[in-house]
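A quick write-up on the structure given underneath.
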Number of protein chains: 2
Amino acid sequence: MKDGPVVASVAALLGDPARANMLTALMDGRALTVSELAEAAGVTLQTASGHLAKLKVANLLTAEKQGRHRYFRLSGPDVAQVLEALMGLAERTGAVRVRTGPRDEALRAARICYDHLAGESGVRLFVAICHHELIAGGDVPKLTSKGRDFFNNFGIDIAALEKARRPVCRHCLDWSERRNHLGGALGAAILSEISARKWIKRDAGRVLTFSRQGFKKFQTAFQLTGSHGKSELLHLALNRSI
Amino acid sequence: MKDGPVVASVAALLGDPARANMLTALMDGRALTVSELAEAAGVTLQTASGHLAKLKVANLLTAEKQGRHRYFRLSGPDVAQVLEALMGLAERTGAVRVRTGPRDEALRAARICYDHLAGESGVRLFVAICHHELIAGGDVPKLTSKGRDFFNNFGIDIAALEKARRPVCRHCLDWSERRNHLGGALGAAILSEISARKWIKRDAGRVLTFSRQGFKKFQTAFQLTGSHGKSELLHLALNRSI
DNA sequence: TTCATACTTCGATCTTAACCGAAGTATTGT
DNA sequence: ACAATACTTCGGTTAAGATCGAAGTATGAA
């Protein structure tokens, strides 16, 4: 029975309030700087730096340098899942929780995640895109030729995206839906395009709201199905979106 | 964003080596006394008593008195699942782990998880059960009428299970295989039945070993396929088992 | 009643690590 | 070159809590 200590070492990392705050701030899949995480955790820069170093050597976070910033993100969806599981357990066992104002509802429906669409709409968009084979599923999603045509036609310059360093397609674990939505350069371009068309606008904070007509056009353009049918679920599952 | 601290309070409880040892000792669903748990954790009785009190007020454990003993058990399968998830994370992120002695191999092949079968055999059992449509996949697995007949015939009183409060079927994420196996009352009943038939027996700790003939009978009874074929994988996917 | 077992509570010690100030490094901007 | 920003490292303080010895309570056995 030496797996006790193994559990303990990881759990202890999650067991500090400052680190837990940083990790939950990262749960939406964004990458954040040390300063932002220090802010989120309510500690000074030095303290945050120390915590992040620990999380890094424990492989719970990955870091990438960009200029004088250092961006941290969760090392994988499993980290987010463990955090969710802990939240669930905390809730069941009656650790206090304030929960679910109306603003929360809106956040759940559509919000900005880093720079792309997340929440229920984001997940449904991803499902539809997979379903119509605009991207090929798998570990690393990839644009199909059918998808390339579609998005070029939609007003997104795919060739330009592919020249940049940023990956065109990326999975991104959705915090509220617990499924993947689309990130990467394409995810960002889609949000940018539908914002330009005034289908959606940004509210206070991270909340996004569709206009009534905007949502209809969004549904039509990507042929969203009413709800999650069987084949969509299959695609989701195969795309490891749990 | 005040759910950070909530996560932290639970995680901190799991983050102490002594407590982690006690909890993992309880993972198979048994109830153990304070002395036994002190022994398992390698601490004195007083120390163990203090830890157990904390775990109790946090609702991670339940206690029942019996004479001059006090028995503790996990307050629910979700606690065990969080522990498994943490083990999985610890493994992926390379937390030291002396790794793969023969005992480890055995653990990977078949072990007890809370009170049902886990490890490779557990996953293969679940795959076969899904494949033969004994339970219907989806978010909450459900026994089919075909499955009801099958298990009644196998010697399990399904009607009795359904009268109890505990869910009959439950997914349970397998720590080593990272796929689902079957938990819930039915999972427990199956393990209990194949133990009674002496197909499998419990070794030290959580390791389970099939007898040579027992495994053959097990394979035949549930019609396990040799390895994970395509349609099994499909079923797995539909059951959201990654 | 008396003793033993199983456990809890109290009190003191001691280890760990979270925290921040101060100083140091690296990168960008002017 | 100089200043500003972003971050890391070092050192000392402090607070939390893990541990165990000793004493107290409850149950069972002789």
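Here, each number is a calculation from the coordinates, and none is a lab measurement. Computed from a predicted structure; not experimentally measured. Neighbour counts run over all protein chains shown; Cβ positions are idealised from the backbone, glycine included.
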(request) Would you tell me the mean number of C-beta atoms belonging to other protein chains that fall within 10 Å of each C-beta in B:201-207, as a whole number? (result) 1
(request) Could you compute the FRET efficiency for residue A:212 and residue A:47, with r as their C-beta to C-beta distance and R0 at 45 Å, rounded to 0.05? (result) 0.45
(message) Filter B:142/B:217; B:146/B:216; A:65/A:198 down to the pairs with a C-alpha to C-alpha distance above 27 Å, please.
(response) A:65/A:198
(request) Work through the residues other than residue B:63 whose Cβ is under 9 Å from its Cβ and net out their charges, Lys, Arg +1 and Asp, Glu -1. (result) +3
(message) Highest mean first, how do B:198-208, B:160-170 rank when packing is the count of other Cβ atoms within 10 Å averaged over residues?
(response) B:198-208, B:160-170
(request) Between copies, how far apart are the residue B:202 label points? List them in nm, one decimal, shortest first, with each point 7 Å from Cα toward Cβ, please? (result) 5.7
(request) State the Cα centre-to-centre distance between region A:11-82 and region B:129-159 in whole Å. (result) 44 Å
(request) Once you have all Cα-Cα distances for region A:6-88, histogram them in 5 Å bins from zero and send the whole-percent values. (result) 3, 16, 29, 29, 16, 5, 1, 0
(message) If each label sits 7 angstrom from Cα along the C-beta direction, how far apart, in nm, is residue A:166 from its counterparts in the other copies?
(response) 5.1
(message) Please list, by residue number, every one of the trypsin sites (Lys or Arg not before Pro) in region B:9-82 that is coil in DSSP and has at most 13 other beta-carbon atoms within 10 Å.
(response) B:68
(message) From Cα pairs below 8 angstrom and at least 6 apart in sequence, can you work out the relative contact order of region A:3-92, rounded to a whole percent?
(response) 25 percent
(message) Is there a quick way to get the dipole size of region B:3-75? I mean about its Cα centre, with the Cβ of Lys and Arg at +1 and of Asp and Glu at -1; what is the value in debye to the nearest 20?
(response) 280 debye
(message) Need one number: nm distance between label points at residue A:35 and residue A:109, each 7 Å from Cα along Cα→Cβ, rounded to one decimal.
(response) 3.5 nm
(request) Could you work out the mean count of beta carbons from other protein chains within 10 Å of each residue's beta carbon in A:55-63? (result) 2
(request) Starting from a label point 7 Å past Cα on the Cβ side, list the distances from residue A:54 to the same position in the other copies, nm, shortest first. (result) 1.5
